[in-house]
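The values are calculated or read from the model by the stated rules, or taken from the named source; none is laboratory data. For clarity, every value in this text was computed on a predicted model and none was experimentally measured. Virtual Cβ from ideal backbone geometry, glycine too; neighbours counted across all protein chains shown. The accessibility values were calculated without ligands, DNA or RNA, using every heavy atom of the protein model including side chains. Shrake-Rupley method; radii C 1.70, N 1.55, O 1.52, S 1.80 Å.
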Amino acid sequence: MAYKYSFADNEIYGANDINAITKRLVTSGVEDSFTDGVAYNASRFNDAGKLLYTSGAVPESYLSLKVEDAGDGKILINPGKAFFDDGAVIEIEAGGETLSYVSGSKNYVYLKNDLINTNRCYPCCTVAEPEGDYVLLAEISEYGAITDKRTYAKGKLPGYQSVAENVMRIQGSISVTSTGSGYYTGSRTFDIGNNTFEYILTYVKRADGGVSGQTLPCLGIYDIKESSYLSFYCNNINNSSGELYNASVCVHSLYIRDYPNSNYSTAYITFSMDDGKLTVELNAYSKYGTPVGFGIDLILF
């Protein structure tokens, strides 16, 4: 069984299971911990959860509980957590959960809370529409097309917010150090929290810098799931030609009038994401002068 749920009556839970309620909702800090060896009525903890969050998938990443085709008439529910309307919690563990579906019929993929009847919560794929307390994940058409139907849980406490289904903008600069022969490198990490972002967009407008030169337009996009890049930037002052790149994103292309046939400087960035942290690595080349750093403007969606 590649999933677990809480809290069911007549089951044994440790203090770590109870304290996980708080961990899902807030960052570290002072908190009241539950202690092993003290009796608690397990199902009552669900009532506490109900006061804290709405039902839905927990937006830890864009893949959380996402349903994908697994071939041979099966679908895969990716790892993730969900809250039910009564406060109960289910978690699909590492590796995901594989279910069969009925070909030629409309299917519903969802997580079912059946604690009242069977003292269980579990994933389902059925041709009948779900009823009761459930979290819908996807629908499968008669032709096998999967439509994402996830909705995301939200905190009921002031200050507890999720960026799920929202757009985030990050603006800042990255300091660089020289690696020799006109090349520079730098990095910066941003804490973006739990999120469902799938793409990162970068855009730099054309700007005339007078005697010093002219910043040329750059446009790039990073596909987080595929770890792939597509970037275009102008490489001459007349906008008559440019470069298409798929190994990183160009965020700086500056033409200097002292060098009519070349760029003054260029800068490229790559991304990595881990546990709510976005790290931006920058590599640059400067033919004229020593740069202190380069600005970035990122749109996450």
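Pick from TYR285, TYR268: which is open to solvent by 20 Å² or more (accessible area, probe 1.4 Å) and modelled with pLDDT of 90 or more?
Values: TYR285 fails: modelled with pLDDT of 90 or more.
Result: TYR268 is the single residue among TYR285, TYR268 that is open to solvent by 20 Å² or more (accessible area, probe 1.4 Å) and modelled with pLDDT of 90 or more.
Could you run through the range 74-96 and say how many residues are assigned to a loop (DSSP other than H, G, I, E, B) and touching a Ser or Thr at 6+ places or on another chain (Cβ under 6 Å)?
Residues flagged as assigned to a loop (DSSP other than H, G, I, E, B) and touching a Ser or Thr at 6+ places or on another chain (Cβ under 6 Å) within the range 74-96 amount to 2.
Select from the range 125-141 the residues that are outside any loop (DSSP other than H, G, I, E, B) and within 19 Å of TYR5 (Cα to Cα) and list them in ascending order.
Matches in the range 125-141: CYS125, TYR134, VAL135, LEU136, LEU137.
Looking at the range 106-118, is at least one residue in contact (Cβ under 8 Å) with a residue 24 or more places away in the chain, in a loop (DSSP other than H, G, I, E, B) and among the hydrophobic types (A, V, I, L, M, F, W, C)?
No, that holds for no residue.
Are there any pairs, at least 6 apart or on different chains, whose C-beta atoms fall under 6 Å, with the first in the range 119-137 and touching a residue at least 24 places away in the same chain (Cβ under 8 Å) and the second outside any strand (DSSP E or B) and among the basic types (Lys, Arg), and if so, which?
The qualifying pairs are LEU136/LYS149; LEU137/ARG150.
Within the range 207-220, does at least one residue satisfy the condition of being surrounded by fewer than 15 Cβ atoms within 10 Å (Cβ to Cβ), modelled with pLDDT under 90 and within 16 Å of PRO59 (Cβ to Cβ)?
No, there is no match, as no residue in the range 207-220 is surrounded by fewer than 15 Cβ atoms within 10 Å (Cβ to Cβ), modelled with pLDDT under 90 and within 16 Å of PRO59 (Cβ to Cβ).
Of these, LEU157, LEU137, LEU115, which one is modelled with pLDDT under 90 and open to solvent by less than 50 Å² (accessible area, probe 1.4 Å)?
Working: LEU157 fails: open to solvent by less than 50 Å² (accessible area, probe 1.4 Å); LEU137 fails: modelled with pLDDT under 90.
That would be LEU115, the only listed residue that is modelled with pLDDT under 90 and open to solvent by less than 50 Å² (accessible area, probe 1.4 Å).
Among what's in the range 53-73 and is surrounded by fewer than 17 Cβ atoms within 10 Å (Cβ to Cβ) and part of a strand (DSSP E or B), pick the residue that is nearest to the chain's Cα centre (by Cα).
Here the answer is GLU68.
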